[in-house]
Amino acid sequence: MSDRPILSAHRITHLYPTPRGEILALREVSLTLRPGEFVCLVGPSGCGKTTLLRILAGLLLPTRGEVWLREQPLRGPDRRVGIVFQKDSLLPWRTAMENVRLPLELGGWPPLEAMERAKELLEQVGLKGFEQAYPQELSGGMQRRVALARALAADPEILLLDEPFAALDAITRERLNEALVELWERQRKTVLMVTHDVQEAAWLADRVLIMSPRPGTIVAEIQIPFPRPRGADRWAHPAFLQTVWAIRQALGNGGG
Ligand SMILES: Nc1ncnc2c1ncn2[C@@H]1O[C@H](COP(=O)(O)OP(=O)(O)O)[C@@H](O)[C@H]1O
Ligand SMILES: [Mg+2]
């Protein structure tokens, strides 16, 4: 694993203007992602996590500070950075295959190749056989799988995930997290995932970043030393529970 950062934020501060004055969403946030890392970001609701992810994806320009993608400042959306939001929806009039194919079409791929690639991606997220299904024919978990496949379509190096499975029931969410880890192990994308679930963060990440309440800033960083694969037997390890506890404590110390 190279130690050169792939994506980094330097003292990001963000203010939203509102009719009742400015809202300071983020204050001096700095972070660094290294190639192939799986990092989770946890923080209380409203602390600026989504704002930070949008800035890291080049979708929002920060009031102050800079984001660097490898050796260059990020000036806008970039093909190398993919993002999945909790609520971004699929186009209901397009099949699963057509939804995944969309970014490829926009990227100028020849139709036949785009179809092949979309098919392959759907298989990778466990949706073989559902290529022709429309979103309303798919369960919530399957729809999230399509959204994940769509984000992977342009083959980004970095995947930013904003509570991607938060709306799902616990069992479905666990399955999707397993699928995500499997994808990550196979493709070694760099992942930054926002979650409000401390146990999920400790299970998935190499490193957990903890944010304070608004204005959000990173107050702690906890390394997760457990070897992979991390199966259900993690619950039997006191060290795992201790890590979960440490993250909770750090969140508490931020006042959350
Ligand atoms: N477009 C916006 N205009 C004004 N305020 C906003 C906007 N988006 C978010 N905020 C405010 O910024 C703060 C951080 O929001 P957000 O990044 O969504 O937090 P989180 O994802 O951690 O819940 C909140 O107080 C929210 O109300
Ligand atoms: Mg959010």
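For this structure, a couple of remarks:
- Of the strands (runs of 3 or more DSSP E) lying entirely inside the range 184-231, the ones with 3 or more residues being over 20 Å from residue 148 (Cβ atoms) are found at 207-211, 218-223.
- Given (1) crowded, with 19+ Cβ neighbours inside 10 Å; (2) at pLDDT 95 or above; (3) not hydroxyl-bearing (Ser, Thr, Tyr), index of the condition residue 153 fails: (2)
- Within the range 212-234, the set of residues being surrounded by 11 or more Cβ atoms within 10 Å (Cβ to Cβ), of a type in the set (A, V, I, L, M, F, W, C) and farther than 30 Å from residue 13 by Cβ comprises 226 only.
- Scanning the range 4-44 for residues that are out of contact with any Pro (no Cβ under 9 Å at 6 or more places or on another chain) and outside any strand (DSSP E or B) returns 19, 20, 36, 37.
- Those residues of the range 33-48 which are within 16 Å of ligand 2 (Cβ to nearest atom) and closer than 16 Å to residue 7 by Cβ, in sequence order: 40, 41
- Scanning the range 48-66 for residues that are more than 13 Å from ligand 1 (Cβ to nearest atom) and open to solvent by less than 20 Å² (accessible area, probe 1.4 Å) turns up just one, 58.
- Scanning the range 169-180 for residues that are in a helix (DSSP H, G or I) and either acidic (Asp, Glu) or within 16 Å of ligand 2 (Cβ to nearest atom) (or both) yields 174, 178.
- Test: residue in the range 67-87 that is within 19 Å of residue 219 (Cα to Cα) and surrounded by fewer than 16 Cβ atoms within 10 Å (Cβ to Cβ): no
- Residues in the range 9-23 that are within 16 Å of ligand 2 (Cβ to nearest atom) and hydrophobic (A, V, I, L, M, F, W, C) were compared, and the one that is least open to solvent (accessible area, probe 1.4 Å) is 12.
The values are calculated or read from the model by the stated rules, or taken from the named source; none is laboratory data. Note that the structure is a prediction, hence the values are computed from the model and not measured. No Cβ is skipped: glycine too gets one built from the backbone with ideal geometry, and neighbour counts run over all protein chains shown. These area figures cover heavy atoms from the full protein model, side chains too; ligands, DNA and RNA do not enter into them. Shrake-Rupley method; radii C 1.70, N 1.55, O 1.52, S 1.80 Å.
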